[in-house]
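The values are calculated or read from the model by the stated rules, or taken from the named source; none is laboratory data. Bear in mind the structure is a predicted one, so any value in this text is a computation, not a measurement. In this analysis, Cβ positions are derived from the backbone assuming ideal geometry, glycine residues included, and neighbour counts consider all displayed protein chains. SASA here: full protein model, heavy atoms, side chains in, ligands and nucleic acids out. Shrake-Rupley method; radii C 1.70, N 1.55, O 1.52, S 1.80 Å.
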Amino acid sequence: SLMSILPAYKEHVQARAGRTLIQYLSCHSMRLRWQWAGKVYFVVMRNFFPISPQLSFDLKGATANRRALKTWHLHQSDSVASKYSTLRDWEWMDIAMTTDMADEDAARLWAMIVADTQLLEHQQLIDYSLLLGIYRPNATLIPQHKKKELQMLAEKCCGTAFVSRDRQKIYFFGIIDVLEKYSMRWRLQRMLLRTLYGVAMRWTSSDGISAMPPALYADRFRTFVAKEVLHLDDKALTQPLAEDYWRDGGRRSSLKERARASNAACVARLGGLARWQRLWERRRRGLVKQRIDSEHDDYIARIQELEQHVKDLERRVEELVGAPEELVETETQR
């Protein structure tokens, strides 16, 4: 699969000047020594975690079979840290996880995710995940050493890691498992699962399976990242998604798109939150989420106040440096 998408991937990396969360380094093959053995192919990706994070998540936006922990494990203090390496979508939502990055960092990350998923969508690839790691330096470090360690880790990641707004942790990001083509096997799996969900009268839940056409998979992935991970505004979460665009851009899709264009009464189905939000909203715990969001807003507001206070002090110092000596003494006494 990597060799088949290599020209498009190379063009994508060059166009983005290396700013991508899909980072393959090489592709190799080797022949096994025993008789009649064929070649074994393997790829090498960059390690997105330069240091072992305390928490890591594998996020798709899917809900079917996307739980790493039993529900009761969430209430055990040692469950996450010592027993499980990577958590999934349900755990991310059950414990109301969030990221807390500067707006410009979130914008850079979002631009990479949009560009990367467009590439994967055009190459008919699905079943990929956002790998997210959260690392906190030792709490006993003095602020200068903590800042230096976080900056060093961010530089090692070459644009795929971002220090939190409070400068107490760092987030590592990467997109993994991207070489799964939307083949006949996936189409049959989708048909079977949707039928089973229909028999169980759970049509809404059928949108949570991994066997989704590339356009729908990419749209759900982007919507989940925007809403549940980065908490972007609604403008980034709602866009039109043609009803049959998921049919690989084939002839049937083109014919229906032309028919829709000629019929003003035929409206394209919405993507983004209009379709996918119902998959996740029941997992956010109402008042619990409201309390967490309120505390987070207060915390961000306090940081902004402190940053503004620092800027005011710096400006005042600059004014005093260039002021006459008498004025400096007056300000000092004040």
With every protein chain kept in place and a 1.4 Å probe, the range 147-192 has an accessible area per residue in Å² of 53
Largest first and rounded to whole Å, the semi-axes √(5λ) derived from the alpha carbon gyration tensor of the range 9-161 read 29, 23, 19
Work out from phi, with θ = phi - 60° and the Karplus expression 6.51 cos²θ - 1.76 cosθ + 1.60, the ³J(HN,Hα) of each residue of the range 146-163, listed in order in whole Hz, and give x for Gly and Pro. 5, 4, 5, 5, 5, 5, 5, 5, 5, 5, 5, 7, 6, x, 10, 9, 9, 6
Modelled label-to-label distance, ARG46 and TRP203, 7 Å Cα→beta-carbon offset: nm? 4.5
Spin-label pair LYS311/HIS28, simplified geometry with 7 Å Cα→Cβ offset, distance in nm: 5.1
Per-selection Rg to Rh, the range 117-240 - Cα, Kirkwood hydrodynamic radius: 1.11
Taking protein heavy atoms only, a 1.4 Å probe, and rounding to whole percent, the accessible area of the range 1-77 owed to carbon and sulfur comes out at 56
Out of residues 5 or more away from MET101 or on other chains, whose amide H comes under 5 Å of its own, with H placed 1.01 Å from N in the peptide plane? ARG165
Length gained when the stretch GLN151-ARG67 is fully extended (0.36 nm per residue, less Cα-Cα span): 27.0 nm
Would you mind telling me the share, in percent, of accessible area of the range 167-213 contributed by carbon and sulfur at probe 1.4 angstrom? 62
Over 28 Å (Cα to Cα) among LYS70/LYS148; LYS181/LYS227; LYS60/LYS169; LYS60/LYS148; LYS10/LYS181 -> LYS70/LYS148; LYS60/LYS148
In Å, descending, principal axis extents of the Cα set of the range 174-229: 36, 26, 15
